[in-house]
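The values are calculated or read from the model by the stated rules, or taken from the named source; none is laboratory data. This is a predicted model, so every value here is computed, not measured. Every residue, glycine as well, gets a Cβ built from its backbone with ideal geometry; the counts of neighbours run over all protein chains shown. Protein only, heavy atoms only, side chains kept; ligands, DNA and RNA dropped before computing areas. Shrake-Rupley method; radii C 1.70, N 1.55, O 1.52, S 1.80 Å.
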Amino acid sequence: MRTRTFLMPIPAALALALAACGGATDTGDNAAAEADRAAQTGTATSPAMTQAPATAAAATAMATLAPTEGNETAGELRFAMVDGRIEVSGTVTGLPAGGAHGFHVHETGDCSAPDGTSAGGHFNPGSTDHGRVGQGAHHAGDSDNITAGADGTAQVSGWLDGATIGDGAATDIVGKGVIVHQDADDYATQPTGNAGDRLACGVIQAG
Ligand code: CU
Ligand code: ZN
């Protein structure tokens, strides 16, 4: 008669240990899981409890738009690096109903002037002409017009080409300004697109 050896349930014990420190409980695909973790954290170490460095820079930023003097335009914007370009999203309120409005990143994160002119000109680290993003020469700060609905609210879904977030390069938009204009950008007139007065101003912050 053969004696059956009692085997310790090692996989179960391992799963418990991993669960206890917050790691994955799946022990069947560790190589892939470790590779994913290394890719996400920038580390090449394998311990399951490795934490992402506190300084890991997320390539996102935000800005709060406040009205310039005599206007009611405000908003919240998000910026995110996606496939080498910056996607801009958010909501702008307090616009004239139904109109299109120039929308750009400007060179200075200073909204102190009552008319927003302290934000300077369009963000233009490449010293190029003004234009339309995605269609030939344009400033790194050029983005498409935003259009308000009947309620005076615009959903922002634009992008920037030639700009970056949080890398400290000349193209970095962190610390720069954002302006919503009175009129539509014609994507041609130099150097502003003839977009008129500034309705709202914000400063781009990492986060
Ligand atoms: Cu502008
Ligand atoms: Zn421009």
Practice task
Would you check if Ser157 is open to solvent by 60 Å² or more (accessible area, probe 1.4 Å), within 17 Å of Leu65 (Cα to Cα), outside any loop (DSSP other than H, G, I, E, B) and modelled with pLDDT of 95 or more?
Solution key: yes
Fill in the blank from the handout: Selection from the range 160-195 of residues away from ligand 2 (no atom under 11 Å from the Cβ), open to solvent by 30 Å² or more (accessible area, probe 1.4 Å) and among the aliphatic types (A, V, I, L, M) yields Ala169, Ala170, Val174, Ala184
Practice task
Could you figure out which of (1) closer than 17 Å to Ile173 by Cα; (2) away from ligand 1 (no atom under 13 Å from the Cβ) isn't true of Gly152?
Solution key: (1)
Fill in the blank from the handout: Exactly one of Thr117, Thr147 is in contact with a strand residue (DSSP E or B) (Cβ under 6 Å, 6 or more places away or on another chain) and touching a residue at least 40 places away in the same chain (Cβ under 8 Å), and that one is Thr147
Fill in the blank from the handout: Counting only strands (runs of 3 or more DSSP E) entirely within the range 70-130, those with at least 3 residues that are among the polar types (S, T, N, Q) are 85-93
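Residue-by-condition table, conditions (1) in contact (Cβ under 8 Å) with a residue 12 or more places away in the chain; (2) more than 14 Å from His139 (Cα to Cα); (3) more than 14 Å from ligand 1 (Cβ to nearest atom); (4) of a type outside the set (D, E, K, R):
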residue: Val178; (1), (2), (3), (4): yes, no, no, yes
residue: Gln182; (1), (2), (3), (4): yes, yes, no, yes
residue: Cys201; (1), (2), (3), (4): yes, yes, no, yes
residue: Gln205; (1), (2), (3), (4): yes, yes, yes, yes
Exercise for the section: Give the range 64-120 a look and list any residue that's open to solvent by less than 30 Å² (accessible area, probe 1.4 Å) and either of a type in the set (Val, Ile, Thr) or in contact with a Phe, Trp or Tyr (Cβ under 8 Å, 6 or more places away or on another chain) (or both), or say none. Expected result: Thr68, Thr73, Ile86, Val88, Val92, His104, Val105, His106
Problem - Criterion violated by Asp186 - all others in (1) more than 12 Å from ligand 1 (Cβ to nearest atom); (2) in contact (Cβ under 8 Å) with a residue 12 or more places away in the chain satisfied - result: (2)
Exercise for the section: Quickly run through the range 90-106 and pick out the residues that are within 21 Å of Thr60 (Cβ to Cβ) and in contact with a His (Cβ under 9 Å, 6 or more places away or on another chain). Expected result: Val92, Phe103, His104, Val105, His106
Problem - Failed criterion for Asp151 (all others in (1) away from ligand 2 (no atom under 16 Å from the Cβ); (2) among the acidic types (Asp, Glu); (3) buried (at least 19 other Cβ atoms within 10 Å of the Cβ) hold) - result: (3)
